[in-house]
Amino acid sequence: MAAFDLQEQEQIAELKAWWAKWGKLLVTALVAALLGYFGNMGWKHWQKSTGESAALALNEVEKAFESKDLAKTRAAADAMVSTVPDHALTSRAMLLVAKLAFDSEKLDDAKSALEWVVSHGKESAIVDIARLRLAAVLMDQKQYDAALKTLDQPKSDSFAPQFAESRGDALALKGDAAAAKQAYQAALTALEADSPAKNVVETKLSALGV
């Protein structure tokens, strides 16, 4: 191969100097970009596959629920807890367990399922629903102070009327009529003017005789 002329040698020298200074950084940036791209693709694939797995698993829970088989419903939901604990559908599966257990008068089973949702649920509305149902279970078990603690504050303002009404129920059962009246009045204030729930709360207030 013919020898490089002076100008070409200077260009090669400049290129070598540039590469010595910036080459490693360029390669690192390129690798990082590629890792980011493929990492994002992998994350999306993982999300899709996890979502599909959760949907199939929930279908098993629903089939057991429809057959009113509490043991199978709980087993299927527990399988979701083991495989996709952070998925939103897992909380819904545990709510189904709680419903079937409550209907079957298995209050401890209902309580444990609802406590799982309260502790692990990712959606504020689902957690608040679980707390309301847990409070109802605790009231059935005559654990009124525990029910009141569960009803401390809703995560979502939209559940404020239901939380206030449920607090009134717990306080009334506990025998604190004056405090129950305040809770029911708070529920009435929070409810929309045309809400059908107002009649229910007003009936409870009248029953207090305060």
Accessible-area ranking of Thr83, Thr90, largest first, probe 1.4 Å: Thr83, Thr90
Net charge over other residues, Cβ less than 15 angstrom from the Cβ of Gln182 (K, R count +1; D, E count -1): 0
Dimensionless Rg over Rh [segment 46-148; C-alpha; Kirkwood]: 0.99
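Given all pairs of different Cα atoms, what value in angstroms does the Kirkwood hydrodynamic radius of segment 81-130 take?
Kirkwood radius, segment 81-130: 10.6 Å.
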Packing-based order for 133-139, 53-59, using average beta carbon neighbours within 10 Å, highest first: 133-139, 53-59
By average C-beta atoms within 10 angstrom, highest first, the peptides 145-153, 110-118: 110-118, 145-153
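Output the pairs from Lys63/Lys198; Lys106/Lys198; Lys149/Lys174; Lys122/Lys142; Lys68/Lys111 with a Cα-Cα distance over 25 Å in this structure; if there are none, say none.
Lys63/Lys198; Lys106/Lys198; Lys122/Lys142
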Accessible-area composition of segment 50-147, carbon plus sulfur, in percent [1.4 Å probe]: 52
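The values are calculated or read from the model by the stated rules, or taken from the named source; none is laboratory data. Since the model is a prediction, treat every value here as computed from it, not as a measurement. Please note: Cβ atoms are built from the backbone with ideal geometry, for glycine as well, and neighbour counts cover all protein chains shown. Just so you know, the surface numbers come from the protein's heavy atoms only, side chains and all, with ligands and any DNA or RNA stripped out. Shrake-Rupley method; radii C 1.70, N 1.55, O 1.52, S 1.80 Å.
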